[in-house]
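Have a look at the structure that comes next, please.
Derivation of every value follows stated rules applied to the coordinates shown; laboratory data play no part. Here the structure is a predicted model, which is why all the values come from computation and not from measurement. We place every Cβ from the backbone using ideal geometry, glycine too, and count neighbours over all the protein chains shown.
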Amino acid sequence: MKLHSYVQGQWQFGGGESTTLRSAVTGESVAEIARGGLDYAGMLAYARDTGGPNLRARTFHQRAIMLKELAKHLSQHKDEFYALSTETGATRTDSMVDIDGGIGTLFAYSGKGRRELPNGHAVIDGDMEPLSRGGSFIGQHVWVPLEGVAVHINAFNFPCWGMLEKLAANLLAGMPAIIKPASQTAYLTELMFRRMIESELLPAGAVQLICGGVGDLLDHVTGQDVVTFTGSAETGRKLRCHPAIVNNATRFSMEADSLNCSILGPDAVPGTPEFDLYIKEVVREMTVKAGQKCTAIRRLMVPESLVAPVIDALSKRIEEKVVLGHPGDEGVTLGALSSLDQRQEVRDRVRDLLDTAELVYGNPDECDPRGADGDAGAFMSPLILHCASPVAGSPVHDVEAFGPVSTVMPYKSAADAANLARLGQGSLVGSVFTADPEFAREVVMGSASHHGRLLVVDRTCAKESTGHGSPMPTLVHGGPGRAGGGEELGGVRGVFHYMQRTALQGSPDMLSAITGRWMPGASRREGEHPFRKDFDSLRIGDTVKAGPRAITIEDIEHFAEFTGDTFYAHMDEEAAKANPFFDGRVAHGYYIVSLAAGLFVAPEPGPVLANYGVDNLRFMTPAYPGDELSVTLTCKEKNLREGAGYGEVRWDTVVTNQDNESVAQYDVLTMVATAA
Ligand code: NDP
């Protein structure tokens, strides 16, 4: 099988020398991959000129729906992905993490995009910032898609997830991508990519694929492009310093090898659920993807007195539970590394670690895989090392053996554990297994600055915990320092990596017109009651003013008795006066909100379908008996729900008293029917 690249809408086998990619399990040829020979500058231009405009023509919600359809389409082809995934050395469970994990990320981003982003082309960031005394000059931050290309250079260990977790965010942002999978497992990425193209769900130019080297691609990146890299720290450093990336200030996000730790609390002695959970999780992390996970646990920090029990328990569990063998076989829990070269690399790194650590379980040079050839396939048995003196500068904090290898090391106190965690120089993830909140707090506060994610496991959450090694689409993935300093995922946070935040300044009317959100100080339009207008005819700035209505002591007492809210500030004149905020009995805030609704409502059946909440409710000035309240309701923002027959409308609401003081301010949220 020849691996083709997808270049400017065409499948193409690159030029130059080609390389044979071999099965991690049998060593037999799986595919041929070319080294280069593509028009890389042309690919970037095609993405910028065709893909970008095509994607940006769609709204966030339309792109989110596209992601969902894509995820559904890929789900239908899972069987063939799983079958091919075995050649990478992956067991069924490993493939699930890669294939279902990747598809799940598309689904997650689709949901997030429709719930948390507007159905438009820009995202308004935060509130308007007043910049002038008279209110005629304001500021507003907005996010808009970058007009370049997301270039994703991915690692060999997650050929599917690695592609999809990044693609989800850039496509949702409205940015096209060029994906370059690691050569060793590119055949699986190519298959999934081929199914994506066949679906015809993505517009022309939205995605392209490079199987092989990147040629002079990086020479042509600009300040509108984003380059993401996952792989070794060495390659990452080289790419980060590429002249075009440096000269153009191209955004560069890196995720590199990291020496993640897992800390056992002093309370978690043998016999406690936390001890058992720790042993189980460590063995799981050593065996899933044969330990070839950027998030895998490399350093095990345990109280001095628990070193021997932990080594014993880990060894016992590996003996009892881990089955090394052909990843396609039922019952096998530890498959192969991705290649014989990779196995040699792990063996070399283990030798480095053995400078200051001793091997307490396993043999790096021997293994006997079930149903497979241990010489032809890249199999390796789990290895546990023990480092009695894990001082700063020791290889255990510096050398990553990217396989089923972990090192146990002692700590003396919570502060010492946090310090050891920090010696990893920046990690993607760390975990703490303890039922002691004080210990957990000290370790977390002492090491969070050095981690992208921290997981605390105790008996109450273990059953539902997603585990140490699983990045979640909704939580950030990435870490400081040695882990690369990048950040991915994290829900819509990840989308903003492909967008530019711009501070707009101007008049309220101008910024309202540009952003599609009514800004305080902008013109209001009174006329037909806005509740009588359907979603399509409603315009930003449409306003109804109503009132005044007087507050009486009878109304306050009626509201108190009716709802049961007889708080003293509403019922007891003397007690209310003693309160530093009030001059006497005051109206309930919720009464004011209810009264306002009674003033602005248009009661007859009409296009307004429901009120689904209020946002940012604040009571600004107390309302006393005798006060006269008025309300101004202004159409602030509209958000169409694709294909639902309605849209969401946000109304700026201000309740004022007879002195024009603001009594209450909030946003009313409604659903309004579209035109029939
Ligand atoms: P590399 O850093 O060599 O490769 C990662 C990606 O970069 C691949 O797609 C590779 O393509 C590409 N690449 C390599 N050189 C260049 C270049 N000069 N210009 C552009 N792209 C380039 O890592 P490996 O895959 O070889 O893994 C080596 C080690 O990295 C592992 O042993 C492990 O320690 C660590 N690693 C860490 C990961 C993490 O997620 N943190 C994931 C995987 C590995 P190609 O394959 O075609 O060379």
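Could you pull the Rg and Dmax for the stretch 133-204, using just the Cα atoms, both in Å?
17.7, 63
What size of dipole, in debye to the nearest 20, comes out for the chain about its Cα centre when the only charges are +1 on Lys and Arg C-beta atoms and -1 on Asp and Glu C-beta atoms?
Here the size comes out at about 1360 debye.
Right, something else. If the cut-off is a Cα-Cα distance under 25 Å, which lysines reach LYS638, setting aside same-chain residues fewer than 8 apart in sequence?
Here the lysines satisfying the reach criterion relative to LYS638 are LYS68, LYS112, LYS533, LYS545.
In the stretch 147-293, if every C-alpha pair distance is counted and binned at 5 Å from zero, what percent goes to each bin?
For the stretch 147-293, the binned pair fractions read 2, 8, 16, 18, 16, 12, 8, 7, 6, 4, 2, 1 percent.
To make sure I understand, if each residue's beta carbon is the centre and we count other beta carbons within 10 Å, what order do CYS387, CYS294 fall in, fewest to most?
CYS387, CYS294
Then there's this: Starting from the Cα-Cα distance between GLN62 and ASP312, subtract it from 0.36 nm times their residue separation and give me the gain in nm to one decimal.
Between GLN62 and ASP312, full extension yields 84.5 nm more.
Please compute the volume of the convex hull spanned by the alpha-carbon atoms of the stretch 306-460 and report it per residue in Å³.
Residue-normalised Cα hull volume stands at 133 Å³.
Excluding ALA155 itself, what net charge comes from residues whose Cβ is under 12 Å from its Cβ, given Lys and Arg +1 and Asp and Glu -1?
Counting the neighbours of ALA155, the net charge comes to 0.
Hey, another quick one. Per-residue ellipticity at 222 nm for the chain, helices alone: DSSP H runs ≥ 4 residues times -39500 (n - 2.57), over residue total, nearest 500 deg cm²/dmol?
-9000 deg cm²/dmol
Note down, for the stretch 28-126, the three equivalent ellipsoid semi-axes (square root of 5 times each alpha carbon gyration tensor eigenvalue), biggest first, whole angstrom.
Output for the stretch 28-126: semi-axes of 31, 23, 10 Å.
Provide HIS497, HIS4 in ascending order of the number of other Cβ atoms located within 10 Å of each residue's Cβ, fewest first.
By the 10 Å Cβ count, ascending: HIS4, HIS497.
Can you check what the Kirkwood hydrodynamic radius comes to for the stretch 116-156, Cα pairs only, in Å to one decimal?
Radius from the Kirkwood sum: 13.6 Å.
Here's something else I'd like to know. Against the empirical 2.2 N^0.38 Å scaling, what ratio does the C-alpha Rg of the stretch 590-637 come to?
Compactness ratio reported: 1.32.
Determine the principal axes of the Cα atoms in the stretch 471-532, then give the extent along each, sorted from largest to smallest and rounded to whole angstroms.
Answer, in whole Å and largest first: 60, 29, 15 Å.
While we're on this one: Once the other residues with Cβ under 12 Å from the Cβ of THR621 are scored (Lys, Arg +1; Asp, Glu -1), what is the net sum?
Within the 12 Å Cβ shell, the charges total -3.
In whole percent, what relative contact order does the chain give with Cα contacts below 8 Å and a gap of six or more residues?
Reported relative contact order: 13 percent.
Over the stretch 460-586, what relative contact order in percent results from Cα pairs under 8 Å that are six or more residues apart?
10 percent
Let me ask something else about it. Only loop residues by DSSP count here, and only those with at most 12 other Cβ atoms within 10 Å; note down the GluC sites (Glu not before Pro) in the stretch 375-447 that meet that.
Passing both the DSSP loop test and the Cβ count: no residue.
On average over all directions, what projected area in square nanometres does the chain have, based on the convex hull of its Cα atoms?
Value for the chain: 35.3 nm².
What list of ³J(HN,Hα) values in whole Hz, one per residue of the stretch 166-178 in order, does the Karplus curve 6.51 cos²θ - 1.76 cosθ + 1.60 (θ = phi - 60°) give from phi, with Gly and Pro shown as x?
For the stretch 166-178, the Karplus-derived couplings read 8, 4, 3, 6, 6, 5, 4, 5, x, 10, x, 9, 10 Hz, x marking Gly and Pro.
Same structure again: Highest mean first, what order results for 613-619, 117-123 on Cβ atoms within 10 Å?
With the highest mean Cβ count within 10 Å placed first, the list reads 117-123, 613-619.
While we're on this one: What FRET efficiency comes out for ARG351 versus GLN425 if R0 is 30 angstrom and r is the Cβ-Cβ distance? Round to the nearest 0.05.
Efficiency at R0 = 30 Å is approximately 0.90.
Per the Kirkwood definition applied to all pairs of different Cα atoms, how many angstroms is the hydrodynamic radius of the stretch 192-257?
Taking the inverse mean of 1/r over all distinct Cα pairs, the stretch 192-257 comes out at 13.6 Å.
Based on the alpha carbons, how large is the Rg to Rh ratio for the stretch 503-610 when Rh follows Kirkwood?
The Rg/Rh ratio comes out at 1.12.
For the stretch 326-366, state the semi-axes of the equivalent ellipsoid (square roots of 5 times the eigenvalues of the alpha-carbon gyration tensor), sorted largest first and rounded to whole angstrom.
After scaling each eigenvalue by five and taking roots: 24, 14, 6 Å.
Nearest 5 is fine: what % of DSSP beta bridges in the chain come out antiparallel, could you say?
The antiparallel proportion sits near 60 percent.
Shifting gears a bit: Starting from the Cα-Cα distance between GLN10 and VAL614, subtract it from 0.36 nm times their residue separation and give me the gain in nm to one decimal.
212.4 nm
Continuing with the same structure: With just the Cα atoms of the stretch 176-227, tell me how far they stretch along each of the three principal axes, in Å, largest first.
So the extents along the principal axes, rounded to whole Å, are 31, 28, 13.
Once the Cβ-Cβ distance between ARG524 and ALA675 is put in as r, and R0 is 22 Å, what FRET efficiency do you end up with, to the nearest 0.05?
0.40
The stretch 218-368: D in µm²/s via Stokes-Einstein (Kirkwood Rh, Cα pairs, 10 °C, 1.306 mPa s)?
In µm²/s, the coefficient rounds to 87.
Relative to the longest principal Cα axis of the chain, at what angle does helix 60-75 sit, 0 to 90 degrees, rounded to 10?
The angle comes out at about 40 degrees.
For the stretch 519-641, what does the relative contact order come out to in percent, with C-alpha contacts under 8 Å and a separation of six or more?
It rounds to 40 percent for the stretch 519-641.
For the stretch 243-311, what are the per-bin percents of Cα-Cα distances with bins 5 Å wide, up to the bin holding the maximum?
Here the calculated profile for the stretch 243-311 is 3, 14, 21, 17, 11, 9, 6, 5, 5, 5, 3, 0.
Could you line up TRP518, TRP11, TRP143, TRP651 from fewest to most neighbouring Cβ atoms inside 10 Å?
TRP11, TRP143, TRP651, TRP518
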